[in-house]
Amino acid sequence: IHYNNDLGIFFAFKILKETYMKGIIAAGGSGSRLYPLTATTSKHLQSVFDKPLIYYPLTSLIAFGIREICIVSSENEIDLFFKLLGDGKKFGCKFHYAVQKNPNGIPEVFTLAKPFIGKNPVTLILGDNIISGGGDLSNIFHNKINPGATIFSIKVKDPKRFGVVDFDLYGNIKSIEEKPKFPKSDYAVTGIY
């Protein structure tokens, strides 16, 4: 059991096997839906309850046993993330930073983080999502049998509002569509890849 004062949360986890999984937090985007709050600072640095929003995905990665994390954000905000998070030592982690000049999406985030990733397995989480049920999700994460890529999704009532995953009969991903007019499934992407 470990208590992190900065995150304000207890971590109780048992690492069953040594993992070299690395993590990426995608913390870009303009935050236009939160204007005027985002006129002066990133949406990921806005307070949600008693801590900055980015602490929530950071907590999720730590709960998954990931300790080496790359934060990807814009040129204007990367220094603010470093000022808040530093090198990661106070969180028991090691942080790296990468700049995304324009909000060109998740594929570009992976490309920018490629030197950081190397040949290691990696988990990417969106920096503006709050994921609950961390214990169950952490168990799924650590006991994952599929050696390939995984996208966590959840069944929703109105899939037109989300990124939607279409699966084949075996549960393999066929496609992902952002806010489709005619969704191919009821499963929305949660923001963990």
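Around P159, under 14 Å between beta carbons, what's the net of Lys plus Arg minus Asp minus Glu among the other residues?
Combined, the nearby Lys, Arg, Asp and Glu give +2.
Which net charge results when you count Lys and Arg as +1 and Asp and Glu as -1 among the other residues whose beta-carbon is under 11 Å from that of S30?
+1
By average Cβ neighbour count within 10 Å, what is the ranking of 63-74, 117-128, 82-93 from highest down?
Ranking the peptides 63-74, 117-128, 82-93 by packing returns 63-74, 117-128, 82-93.
Using 0.36 nm times the number of residues separating Y20 and D79, minus their current alpha carbon distance, what extension gain do you get?
18.6 nm
Under 14 Å from the Cβ of I130, count the other residues' Cβ atoms, weight Lys and Arg +1, Asp and Glu -1, and hand me the total.
0
Please give every one of the aspartates and glutamates within straight-line cross-link reach of K51, meaning a C-alpha to C-alpha distance under 12 Å, and leave out same-chain neighbours fewer than 8 residues apart.
D6
Zone of N102 (label point 7 Å along Cα→Cβ, backbone N under 15 Å): which residues in segment 21-35?
29-30
Check the straight Cα-Cα distances from K101 and name the lysines below 26 Å, setting aside those fewer than 8 residues away within the same chain.
Counting by Cα, and skipping residues close in sequence, K101 has these lysines nearby: K22, K43, K83, K114, K119, K179.
Laboratory data are not the source of any read-out in this text; all were calculated from the coordinates shown. Source: prediction; values computed, not measured. For neighbour counting, all protein chains shown are included, and Cβ atoms are generated from backbone atoms with ideal geometry for every residue, glycine included.
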